[in-house]
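The values are calculated or read from the model by the stated rules, or taken from the named source; none is laboratory data. Computed from a predicted structure; not experimentally measured. Side chains are part of the model used for accessible areas, which takes the heavy atoms of the whole protein and leaves out ligands, DNA and RNA. Shrake-Rupley method; radii C 1.70, N 1.55, O 1.52, S 1.80 Å.
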Amino acid sequence: MEYVAVLLPSLVVGLLFWFAMKAIFNADKSERQAEARAQAEAEARAATPADRNDPESKDKAP
């Protein structure tokens, strides 16, 4: 039983560290995915023709 009392604090601290690092890495992964989605949306908006979103171009008749 004394072995458990000696090893238990180290195991608990190790598990806490593992959960903290897992949470950090998951948050980083989520942030990278959100940034990639935002970048893709920005590129898609930049690729659309400018006159399609321009309200003044609808008023001008050729």
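Remarks
- Unmet requirement for Phe25, which otherwise passes all of (1) of a type outside the set (S, T, N, Q); (2) more than 19 Å from the chain's Cα centre (by Cα); (3) at pLDDT 95 or above: (2)
- Residue within segment 25-32 that is part of a helix (DSSP H, G or I), open to solvent by 80 Å² or more (accessible area, probe 1.4 Å) and hydrophobic (A, V, I, L, M, F, W, C) present: yes
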